[in-house]
Amino acid sequence: MAEMQSQTKTAGLKLFQPNNSSEILTLASSQRGMRVFDCRPESKQVTEQVVEATGKKLEGFLQDVSKAFSISGKETFVLTTTDRRVIDDNVFDELEDGITLQLLRSADQELPAATQEHIKYVPHYYTLVQSGMYEYYASEGQKSLPYAFAELVDNSLSATASKEGLRTIEIRLLFDESQGKHAAVVLDNGCGMTSKQLNNWAVYRLSKFNRDNSTIHSDHSGYVRPAPVPRSLNSDISFFGVGGKQAVFYIGQSARIITKPAASPDVHEFVMSKEDFERKEKNKEDIYCGVIRNRKPGDCAHIVVEEELFLQALIAEEEDKESFTAVVITGIQSEHITYLKQHFDLWTRELAHIYHYYVHGIHGNDMRQSAKNVQKESNVDIQISLVEKSGKQSRRVNLRNVDNDMQTLYINSTSASFEFRAQAHGEATVEGLIRYHPFLYDRETYPQDPYASPGPADEEDDECEVFNPVGRGKRPIFECFWNGRLIPYTTVAEFEWCACPKKAGSVPAECYNRISGVLFTNDCFPVSTNKLTFMDLELQLRDRETIFTRVINGQDQRVKIQREFTTWMKECHEQYDKQIKFMGFQGVTTRSDISTKRLQYPWAQFSTIRWDGKMYKAGQHVKSVKTQPVIFGTIKEFLLYGDHEGDVFATGGYVQIAMQPKELYDEVRTIPIFKIDRQATAAAIKRNIEDELAKLPIELRVTWPEGNPWSDYATKPAGTPMGPIQVEILNKKGESISKLPVASNTAGRKFLMELKVIWHSPRGKIQTNSHIGVYSAKWDYWFKKMENLNKLGKYTLYLQTILNENNSSEWAGKQLPHYTLNFTLTEGDAETFSVVAVSSPVQVGAPFSLSLELKDEFGHPARPPSDLKTKLECSTLEVTHEGTAVNGTTFTIKGVRAKGSLKTKVHTLKVVLEGLKHDSQSVQISMLPGLPHTLRVLPEKELITVENRTAVSFKVEVLDEAKNITTHSKLIVRCQFAGVPEVPLEAVDCSNTGVGTLLGKPLQLKNVKAVQVITAEFDLPNHQGVACVQRKLCVLPSRNVTRVEVYRVEAQGDTPMVIMNLERIDWTAGDTLGSLFYKLYDEGEREIPITPELSQK
């Protein structure tokens, strides 16, 4: 031991002081084992060992840990809890059994891997003892004690489900202090429970689906759903394993369950209480454990005499019973006792409501004489008693005798019922019943809850006109039962097929306030554990997949349920509502206005009725409602089908009304009495009769739906569409009408509208349009667009109301409303044009004008628009213009000039007027050359070289400004050389051709010894505007022989002797003059070689 102490000191734990082995005290003998995880870093994986700590101190426990994990004496370690608290002596003594510890090298060491801590999470006993408070305080502001007792009654109904004979359930309230504690006892003669079943009952939330009710597992057969029964009254309503516990701990603080199963000699008794739970928690005992006392019947040795005298009497009743179960609740809260005493009738009535059909059978508590012969008695008997202090008479009630619960009130005030079935998903089935509570004479019979606190008055429904809002009002139609038991906080307002229609129909809207209903579901529709609400009943029933069928005599009918329900409502109203008192019997008559012969007779005639507290008499002015049309007139008589004599109460009936005023109506109408407008006053009716005359048509209202109205005497462009036109026939009230407001059995009093358009042409009136308009509810009288108005001149539009029976435009000697519209059509906007005339041919460059005639789409001359833009195009000419001018419908393009080559005789000129729909036209023009503008001299070289005494020629052309050769009168081209008088002036006449040739003769300049430049000037003397043209000529000396030089050489070697021209030579006659030589020279003194050819000349 000393060695171990040394080792622990070396480890530095400082968790205990070293002591002798005799000092190790033995701890309490309670079992303690601790889970230790080896989390040291060198451990490859975390291992777990359970180390026993029972009766040990820390030192001994550490030795066991070292052995368990093979820790050598040299190793150091530390033990901590999972929240890293180091284990010392004080902490060790407080550790509980099963705690998880970690074996570490140091307290701050990082875990090498995850560990698992074992915990227990047994719910606190408050889960049980306060569950009732949480469940039942959520009871929508109502006192929930009846629903807590209902949970215990549910258990009793389930226990007695297979009981043959009378099924007895008692609720005893024992508030006599002389008998011990205040107690509430719920007692039944059901099958009782075995000890195993009693154990299961004690387990919170152990539902019947999960219970094993047999001690021997092989005997367990599981839950079996009961077979379907009418109204689902199968008593299978002890369901979730929570209701009984919640109920007893909501009512009190202790529950004693005493039960004896059939065919068993033993009684089993079990007690659970809040006091016992608190004691176990304080002593750290297992809270959810207890004992079941198994004893013989009548054995009360365990009862504390002073506190529980009432129990002795209860136990004494056991000896004569084959089987039973009693739930005894004590520790009842004082406010509960006060409520149960002061409101005994109220809460027992609520229980009678909850279990109405278990107590009274599938048809309910029908107390009327007609139902007693067919009523089948139920074998469920639920009795409630309240015993107070001795000397005061106890109060007792059997739920079968309660006659003012709501279902009893509904059943006994109904005149007819409508059964149906709803099939939802799977086996989810709902049986439904709607009851009709008729109006009798002067009151509604829909039952009112006598205990209900007055609420706010129902607001008037905007969608349905309800004459008498008394009855059901805004309350839901259906109460809902689950397995035959009321689920109090779930109601269903209505279904689509049984709701009050938004539009008036054959059934007055107030009749829908006279129905109540009940829905019976099976347990396929879930409810809350306190059985106060359905989870999603209404949502499932409103699902599209849910099928509703009517049930008659237990058989589903393949009919449309909405139609069947409406028919049933109509029959109920007609057969059972007694709203009208017929008085002043006058006899019996036959009505020939009814097509069905068997209904033509008998009809009793009356002069007066009393309806809803108001008198109506013959001769009285009345107004109808919900008739077409609304009728104003005087009462002639009242009619009621049947062989009646004297005054009688009935629903329905008819009234004959002589329609007023006679000037318009000469007819007697028969309408149902309920169509008399009860809100109309005599003054208002009289005023309306007077206003009837104002219903005759008086004027036409013409509108232009597309916003393009035509005013009287309007001026419009030709082709402007007229319309569409909408015409209304108005009376003095400004109302739109389509027929004469006159009673007639024929179809010939409707109005038609005649439209005509007349053109006042130069040849007289011509009708261009004619239409007959028929009334449409959407558009009144509608005329489409008229797009054929394109002739110029004055027009008149006529609209005339006519009768369709004879096309007459008059009624009662007066012309029916008409309308006249005068208008004028002028030319429309210019859309196209044509070229009026072109002065052809046209000279190049000479200005000319183009006259254009603009037209609208129908060819009428039209004025050009102000923003018109002009463009002239020609592929062969360059065309320009100076401007435009407008004169009426003529558009003139001024100063048009065309330039270009005249290779072709005819040119295509395209005229474009941007802004028109058809903006271009082409015209053919022929062109002539223009005025002389330019003189062209060919060749066009700046310097022309020419040899003197040779001919030189120039070709001259007279051109216009476009370089075309042109002709003109007196077109003489002249050529002269300045400063050269020897060259004469030359001229050529180009008037006819525009072309000529000049200087065709040789130049004869004198003494041109060297190159000489002279200037030739060409001009048109008759056309001063044409510039002259100059050509420079470079004149070279002529190469022709111009000089002969003669000389004589007498002897060789002698100097030649030149013989001058005209020189005198004296020579002997007859002598030979020899040795003559000659040389030839040109004009430039250049010697010319003498050739044979030249010498011969």
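Below are the figures for this structure:
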read-out	value
Globularity index of the range 232-293, i.e. its alpha-carbon radius of gyration over 2.2 N^0.38 Å	1.41
Förster radius 56 Å - calculated FRET efficiency between Glu878 and Ala1051 (Cβ-Cβ, nearest 0.05)	0.10
Under 19 Å from the Cα of Lys1032 - aspartates and glutamates, other chains or at least 8 residues apart	Glu940, Glu942, Glu947, Glu957, Glu982, Glu986, Glu1017, Asp1019
Label point distance in nm, Ala114-Thr796, each placed 7 Å from Cα along Cα→Cβ	10.4 nm
Cα-projected label distance for Arg763 with Thr596, points at 7 Å along beta-carbon direction, nm	6.9 nm
Distance between modelled label sites at Glu285 and Thr945, nm, 7 Å Cα→Cβ extension	15.6 nm
Segments 145-152, 261-268 sorted - mean Cβ within 10 Å per residue, highest first	145-152, 261-268
FRET efficiency for Arg558 and Asp691, using Cβ-Cβ distance with R0 set to 45 Å, rounded to 0.05	0.30
Over the chain, relative contact order from alpha-carbon pairs under 8 Å, at least 6 apart, %	5 percent
The range 845-928 shape via C-alpha gyration tensor axes, a/c threshold 1.5	prolate
Per residue accessible area in Å² of the range 847-950, where ligands, DNA and RNA are left out and the probe is 1.4 Å	55 Å²
Cα Rg over Rh - the range 646-744, Kirkwood	1.23
Additional length obtainable on full extension of the chain from Lys784 to Ala493, 0.36 nm per residue less Cα span	99.5 nm
Mean projection area, nm², convex hull over Cα of the range 690-761	7.1 nm²
Sorted peptide list for 57-65, 782-790, criterion being average Cβ within 10 angstrom, highest first	57-65, 782-790
Calculated FRET value between Ser840 and Thr1015, using beta carbons and R₀ = 60 Å, to 0.05	0.85
Fully extended contour minus Cα-Cα distance, from Asn992 to Ala263, at 0.36 nm per residue	246.6 nm
Hull shadow area, averaged, the range 726-819 [alpha-carbon convex hull, nm²]	7.5 nm²
Label point at Phe858 placed 7 Å out along Cα→Cβ; residues across the range 786-809 whose backbone nitrogen lies under 18 Å	786-798
Potential extension, Asp276-Ser736 segment - 0.36 nm per residue separation minus Cα distance	156.8 nm
Packing rank of 334-343, 431-440, 528-537, where each peptide gets the mean count of other beta carbons within 10 Å, highest leading	431-440, 528-537, 334-343
Accessible surface of the chain [probe 1.4 Å, protein heavy atoms]: carbon and sulfur percent	48 percent
Mean shadow area of the chain, taken as a quarter of the surface of its Cα convex hull (nm²)	119.5 nm²
Compactness of the range 548-625 - radius of gyration and Dmax, Cα, Å	18.3, 52
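The values are calculated or read from the model by the stated rules, or taken from the named source; none is laboratory data. The model shown is predicted, which means the values in this text are computed figures rather than measured ones. Here the Cβ is made from the backbone with ideal geometry for all residues, glycine too, and neighbour counts use every protein chain on show. In case anyone asks, the SASA skips ligands and DNA or RNA and just uses the protein heavy atoms, side chains included. Shrake-Rupley method; radii C 1.70, N 1.55, O 1.52, S 1.80 Å.
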